[in-house]
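Here's the structure we're looking at; comments come further down.
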Amino acid sequence: MPRQPKPKPVGRPKLAEGEAKGRIVPVRFRAEDVKRMEAAAKAGKMSVSEWVRTTLLAAVTE
């Protein structure tokens with residue numbers, strides 16, 4: 001009986017060195033705060049993650 005070839009791995013290929021984001025930092029927000037962040041992100045045409053990331057980075061680099 002001939003050997004079956006190995007199946008291709010599932011999922012996207014790994015990102016190149018330095019392209020992957022760092023680590024995930026779990027944070028909890030109140031429901032009303034999330035609604036405000038969603039509105040601000042939408043106004044800036046960003047995802048909530050992008051908005052949170054850019055807002056926090058701007059605060060720590062001032």
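In straight Cα distance, which lysines are under 24 Å from Lys35, not counting same-chain residues fewer than 8 positions off?
Lys45
Send over the per residue convex hull volume for the chain, Cα only, as a whole number of Å³.
185 Å³
Excluding residues fewer than 8 places away in the same chain, name every one of the lysines whose C-alpha is closer than 26 Å to that of Lys8.
List returned: Lys21.
If one takes the longest principal axis of the Cα atoms in the chain, at what angle in degrees, from 0 to 90 and to the nearest 10, does the Cα axis of helix 48-60 lie?
60 degrees
FYI, it's all coordinate maths here, none of it is from the lab. Because the structure is predicted, anything quoted here is derived from the model rather than measured.
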